[in-house]
Amino acid sequence: DPEMSRGLGDVYKRQIYDISGFDFEILMLEAYRRKKYNVEHTKMTRDGGKDIIIKQNDIWGKTISYVQCKNRRGKIGVSCVKEFHSTIVNDKINRGIIVSTSGFTHDAEKYIEKNGLENIVILHNGKDVRELFKMVSNLT
């Protein structure tokens, strides 16, 4: 939808921290959609930490991933990662992705590494977020 794309480009041009959490989720939703994923935006409250659900069919069958969008100035800590991992396990899905504009604490990254969760809880920050934003804007 060209009108939506133009609007998303305008959102991108503002300072990233100045956009609402909802606008950040919409940007991520559109970026994943443009990567040809089947995406669904979850309800705003009591979403269990999942903001976007990605469903894929590939040679291994149906894959479901949750995306949690974090647009804040402070780094994401280990408690957030543990809670999200718990949601992934409880819902019996394949993986989760935490997309953060501000990065992750050392403890959060160590938790992933120590527990062998690199393919279960994927941490996207900085460069990853910029790459996704490029997909929804005309900026390079």
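The values are calculated or read from the model by the stated rules, or taken from the named source; none is laboratory data. Just so it is clear, the structure is predicted and the values come from calculations on it, not from any experiment. Here the Cβ is made from the backbone with ideal geometry for all residues, glycine too, and neighbour counts use every protein chain on show. Quick note on the areas: whole protein, heavy atoms, side chains included, nothing else; ligands and nucleic acids left out. Shrake-Rupley method; radii C 1.70, N 1.55, O 1.52, S 1.80 Å.
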*Working only within the stretch 88-101, note down all residues that are crowded, with 17+ Cβ neighbours inside 10 Å and part of a helix (DSSP H, G or I).*
Ile88
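Regarding Glu118, is this residue more than 20 Å from Gly21 (Cα to Cα) and part of a helix (DSSP H, G or I)? Steps first, answer last, please.
Values: more than 20 Å from Gly21 (Cα to Cα): yes; part of a helix (DSSP H, G or I): no.
For Glu118, the condition - more than 20 Å from Gly21 (Cα to Cα) and part of a helix (DSSP H, G or I) - is not met.
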_Pairs with Cβ under 8 Å, 6+ apart, first in the stretch 47-63 and closer than 23 Å to Ile26 by Cα and open to solvent by 20 Å² or more (accessible area, probe 1.4 Å), second in a loop (DSSP other than H, G, I, E, B) and not β-branched (Val, Ile, Thr)_ = Lys55/Tyr37; Gln56/Tyr37
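Within the stretch 31-46, work out how many residues are part of a helix (DSSP H, G or I) and open to solvent by 20 Å² or more (accessible area, probe 1.4 Å).
Residues meeting the conditions: 2.
Would you check which residues across the stretch 75-87 are farther than 20 Å from Leu132 by Cβ and open to solvent by 40 Å² or more (accessible area, probe 1.4 Å) and list them? If you could, list the steps in order and put the result at the bottom.
Keep residues of the stretch 75-87 that are farther than 20 Å from Leu132 by Cβ, which gives 77-79, 82-83, 85-87.
Across the stretch 75-87, the qualifying residues are Val78, Ser79, Lys82, Glu83, Ser86.
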